[in-house]
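Below: one structure, written as structure tokens.
The values are calculated or read from the model by the stated rules, or taken from the named source; none is laboratory data. Since this is a predicted model, take the numbers as computed values, not measurements. Reconstructed Cβ throughout: ideal geometry from the backbone, glycine too, with neighbour counts over all protein chains shown. Heavy atoms of the whole protein, side chains included, go into the accessibility calculation; ligands, DNA and RNA do not. Shrake-Rupley method; radii C 1.70, N 1.55, O 1.52, S 1.80 Å.
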Amino acid sequence: MGMQNEKVALVTGSSSGIGLETAVMLANAGFKTYASMRNLDKSKNIREIADKNNLPLYVIQLDVRDDGSVKDAITKIVTAEKRFDVLVNNAGYGLFGSVEDMSMVEIKAQFETNFFGVVRVTQQVLPVMRNQRYGTIVNVSSVGGRIGLPVLSAYHSTKFALEGLSESIAFELESFGIRVIIIEPGVIRTNIINSSISAKKAQDPKSPYFSLTQKLDNSFKMMMASPTSLHPQEVAKVILQAVLSENPHLRYTVGGDADALIDARKNLPDVEFRNIIKKNFSS
Ligand SMILES: NC(=O)c1ccc[n+]([C@@H]2O[C@H](COP(=O)([O-])OP(=O)(O)OC[C@H]3O[C@@H](n4cnc5c(N)ncnc54)[C@H](OP(=O)(O)O)[C@@H]3O)[C@@H](O)[C@H]2O)c1
């Protein structure tokens, strides 16, 4: 049974990358942290970190695509803790492929995890936060929630949708003392490049978009491997700082690349901005 003064946090997709680092950082900061993941076989790494550092961190099964799994996990936490302070909606993956090459099944699967997964978990947590009249929801979007690159239209669409959801519910929830925070990382060195999926048709060399898809895939691999790409701890730091802030902003970007792209998007006419993207990603 949790003690009333221990703040409780849940992070989705904690098996690697940003989710893992965020769960560890929240636990280090004293939050009783539930590091959730769909596949508990991947929990060895985070369990070792928690044991070694004696952290208040507990691993729990949660697949954001599965109503039952989400409900079970939230019920377990609320029954044990009787409070729920912070939800970090982080689970996600990328889908490469032109809009013509992606099947509806592939596109829907992308939304099921990156967007409906957030809705599903948030809906389970909100009644608790609303009744206690406090809580913080952190949605891990992306610089890709503000700009679109070629052959990633499904991924961008999920993140644009997440931005719209977050902006909108921030208004609904404010009067109940619930804060909504959007995190927009640039390129972060995580497992996402391996966990991302290429649409089946996009892998066919006969696809008219094959070379463009390959080019983007290679660009991302190179950006991830570059010494300038950030460690996921940098995102975790921003999340912790936002969560601990008295008056958090709605949006936080992470990384010089994210700042530069969002600034350019804001300050340049569409035609100039599109030229920059074309020069860097699609010519
Ligand atoms: N890395 C970047 O450059 C970058 C930039 C901007 C935004 N982001 C966003 O950051 C978030 C985390 O990504 P990451 O870079 O840390 O990648 P990652 O290392 O691949 O981590 C993604 C996490 O999401 C989990 N996940 C995927 N599907 C899930 C599901 N159905 N239910 C529960 N968990 C699921 C993965 O679990 P499994 O291990 O089981 O697959 C993994 O734990 C994503 O939302 C991503 O869009 C990343």
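A few notes on this one:
- The range 179-197: number of residues that are crowded, with 19+ Cβ neighbours inside 10 Å, not in a loop (DSSP other than H, G, I, E, B) and not hydrophobic (A, V, I, L, M, F, W, C): 3
- Test: residue in the range 129-152 that is open to solvent by 60 Å² or more (accessible area, probe 1.4 Å) and either in contact with a Cys (Cβ under 7 Å, 6 or more places away or on another chain) or within 16 Å of the ligand (Cβ to nearest atom) (or both): yes
- Taking the range 52-73 as the range and being open to solvent by less than 40 Å² (accessible area, probe 1.4 Å) and assigned to a loop (DSSP other than H, G, I, E, B) as the test, the residues that pass are Leu55, Pro56, Leu62, Asp63, Val64.
- When the range 125-143 is filtered for residues that are among the hydroxyl-bearing types (Ser, Thr, Tyr) and outside any loop (DSSP other than H, G, I, E, B), only Thr136 remains.
- Qualifying residue in the range 212-230 (condition: in contact with a His (Cβ under 8 Å, 6 or more places away or on another chain) and within 20 Å of Val11 (Cβ to Cβ)): no
- Residues of the range 74-126 that turn out to be open to solvent by less than 50 Å² (accessible area, probe 1.4 Å), within 11 Å of the ligand (Cβ to nearest atom) and farther than 19 Å from Ala35 by Cα, as a count: 5
- Looking across the range 227-272, just one residue is over 25 Å from Ala91 (Cα atoms) and touching a residue at least 24 places away in the same chain (Cβ under 8 Å), and that is Arg265.
- Some residue of the range 8-23 being among the β-branched types (Val, Ile, Thr), away from the ligand (no atom under 15 Å from the Cβ) and out of contact with any helix residue (DSSP H, G or I) (no Cβ under 8 Å at 6 or more places or on another chain): no
- Just one of the numbered conditions (1) within 19 Å of the chain's Cα centre (by Cα); (2) open to solvent by less than 20 Å² (accessible area, probe 1.4 Å); (3) closer than 22 Å to Gly177 by Cβ; (4) not aliphatic (A, V, I, L, M) is not true of Ser43: (3).
- Residue within the range 250-270 that is more than 20 Å from the chain's Cα centre (by Cα) and of a type in the set (Asp, Glu) present: yes
- Qualifying residue in the range 235-248 (condition: more than 21 Å from the chain's Cα centre (by Cα) and of a type in the set (Lys, Arg)): no
- Out of Gly2, Gly30, sole residue that is farther than 30 Å from Gln214 by Cβ, out of contact with any Gly (no Cβ under 7 Å at 6 or more places or on another chain), at pLDDT below 95 and more than 16 Å from the ligand (Cβ to nearest atom): Gly2
- Among residues of the range 111-132 that are among the charged types (D, E, K, R), those with a beta-carbon under 8 Å from a residue that is assigned to a helix (DSSP H, G or I) at least six positions away or on a different chain give the pairs Arg120/Asp67; Arg120/Val70; Arg130/Leu173.
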